[in-house]
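Below you'll find the structure, written out as structure tokens, and then a few comments.
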Amino acid sequence: MQMYVASEKKYIRKSLKTRDKSVALDLAEKEFVFYKSKINNNEIIFSPIAEEFREAYLKHVRELVSAAQIREGRGRNITTHTKRFIEFVGAKTKVSQINPTDFQGYRAFRQTQKHDITMTVVRNESISIKQMLRWGKVNGFIRYNFEADFGKIRVPTDESKRLGMSDADYKAIVDTARLWYKQGSGLSEEEVHYRRLIRDFVVLMGNFGFRTQELRFLQFKDVSVREDGTAEVTVRAENTKVNKRRTQRSRRGDVFIRRREYQVFNDDEDFIFSHFRKREVVTKEILYEYWSKLKNEVAKRNESFDVGRDLYDIRHFFITAHLRANRLSIWEIAMFTGTSVTQIEKHYNHVNHSFVSDKMLSYRLKFNDSNMLVLPDEYGEA
């Protein structure tokens, strides 16, 4: 029997395994009814395998990135998250064979793969996978009533709080980076270029609180250095996490000046942190390679230094330092760094707790002879 499936533009062809025409007609009619019911229920007849389905979805994601409908960073996250989907279900597994309840084992699967994985990561991966599956339903890859069930993924309330980088850690990094590009015999021009690059990257993150991508994609045209040594920087919307343009002014305009002086590609359209050999932005791989090298150099000189530090921790240090200084409101810090008050309260609230404790310990409450509380002077007269 042969039956054309218009929605998928393919033919169903199968042998009925009989030479009797009347039997064949009866069997063909049953097959027709069987497949017609599936088609009427919007079920997929010719199911793709998982890796084909994912590649079709990633093609869609790449188109969204090209059209500026989603950020490049989000596209990279989707690529990584959906790779976990392939690892979980199997690349050659037919999508039609995947059971919605199979995903209840996803959390345990990821914890087996990576023992120190956080539930925040598992939850974010599940969200990306669900989005891919919903797209698959709309575009005919998955039956319409498929609802992936990931079960309960509980994120501890304090899991998202970042461990703070100490003043000593930051100072050790900056002190080591300062002359690192001069140390060592026979350093190539390329090696010197990238050692200088990571030094200046750290200093600017520490003075502006940039996200890594925001700083990496800055161009010379985005920066204006003033006579007082400060620099006004425009962070373009497409390079931010929240897709919102902002302007910042802070110290260390001299860093932008010296980068223009010793970097080969230094026209207005060039990236402030460029590749050594090409008129392109430095790749993440090179940036993190030299960050790792710098950390190892710091660890040689400071035994207590944690080489597990992420480059993003410098942004965290910037925010916590201003919270501790208590000169700006949380709203002002959030506006400057391009985040929200909610995010600061969620990720950095432990800093406020510590600050309040230190402030309370700076004075003592007193009681008079009548056992009445006598408030400190800053609270007014008792």
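Only residues that are of a type in the set (A, V, I, L, M, F, W, C) and outside any helix (DSSP H, G or I): list them for segment 94-111, please. Once the filter is applied, which keeps residues that are of a type in the set (A, V, I, L, M, F, W, C) and outside any helix (DSSP H, G or I), segment 94-111 yields only Ile98.
Phe367 satisfies every condition listed in (1) touching a strand residue (DSSP E or B) at 6+ places or on another chain (Cβ under 8 Å); (2) at pLDDT 75 or above except (2). Annotation note: of Lys161, Lys171, the sole residue that is under 24 Å from the mean Cα position of the chain (by Cα), among the basic types (Lys, Arg) and either at pLDDT below 90 or assigned to a helix (DSSP H, G or I) (or both) is Lys161. Checked against (1) surrounded by 14 or more Cβ atoms within 10 Å (Cβ to Cβ); (2) in contact with an Asp or Glu (Cβ under 7 Å, 6 or more places away or on another chain), Ala91 passes all but a single condition, namely (1). Looking across Ile70, Ile86, Ile78, one residue alone is in a loop (DSSP other than H, G, I, E, B), surrounded by 12 or more Cβ atoms within 10 Å (Cβ to Cβ), hydrophobic (A, V, I, L, M, F, W, C) and free of Cβ contacts under 8 Å to residues at least 60 places away in the same chain. It is Ile70.
For Glu190, the test of being part of a helix (DSSP H, G or I) and either surrounded by fewer than 18 Cβ atoms within 10 Å (Cβ to Cβ) or free of Cβ contacts under 8 Å to residues at least 60 places away in the same chain (or both) is passed. For beta carbons closer than 7 Å, sequence separation of 6+ or different chains, a first residue in segment 299-310 that is in contact (Cβ under 8 Å) with a residue 60 or more places away in the chain and a second that is of a type in the set (A, V, I, L, M), the qualifying pairs are Asn302/Ala172; Phe305/Ala172; Phe305/Val298; Phe305/Ala299; Arg309/Met165.
Let's see how each residue does on (1) crowded, with 18+ Cβ neighbours inside 10 Å; (2) not charged (D, E, K, R):
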residue: Ala237; (1), (2): no, yes
residue: Arg258; (1), (2): no, no
residue: Tyr262; (1), (2): no, yes
residue: Tyr290; (1), (2): yes, yes
residue: Glu303; (1), (2): no, no
residue: Val307; (1), (2): no, yes
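With the condition kept exactly as written, say whether any residue in segment 33-50 is surrounded by 13 or more Cβ atoms within 10 Å (Cβ to Cβ), assigned to a helix (DSSP H, G or I) and modelled with pLDDT of 90 or more. Yes: segment 33-50 contains one or more residues that are surrounded by 13 or more Cβ atoms within 10 Å (Cβ to Cβ), assigned to a helix (DSSP H, G or I) and modelled with pLDDT of 90 or more.
If you go through segment 246-270 and keep only what is more than 14 Å from Leu215 (Cα to Cα) and of a type in the set (Val, Ile, Thr), you end up with Ile257, Val264.
Take Ser274 and tell me if it is in the same structural domain as Leu311 (by TED's automatic domain parsing), free of Cβ contacts under 8 Å to residues at least 24 places away in the same chain, closer than 19 Å to Asp313 by Cα and within 27 Å of the chain's Cα centre (by Cα). Judged against the criteria, Ser274 is not a match. The listed residues are Ala56, Ala91, and the only one of them that is assigned to a loop (DSSP other than H, G, I, E, B) and not aromatic (Phe, Trp, Tyr) turns out to be Ala91. Does any residue of segment 95-103 turn out to be in the same structural domain as Arg134 (by TED's automatic domain parsing), over 23 Å from the mean Cα position of the chain (by Cα) and without any contact (Cβ under 8 Å) to a residue 24 or more places away in the chain? Checking segment 95-103: at least one residue is in the same structural domain as Arg134 (by TED's automatic domain parsing), over 23 Å from the mean Cα position of the chain (by Cα) and without any contact (Cβ under 8 Å) to a residue 24 or more places away in the chain.
The values are calculated or read from the model by the stated rules, or taken from the named source; none is laboratory data. Just so you know, these numbers come straight off a predicted model, no measurement behind them. Here Cβ is always computed from backbone atoms with ideal geometry, including for glycine, and neighbour counts include all displayed protein chains.
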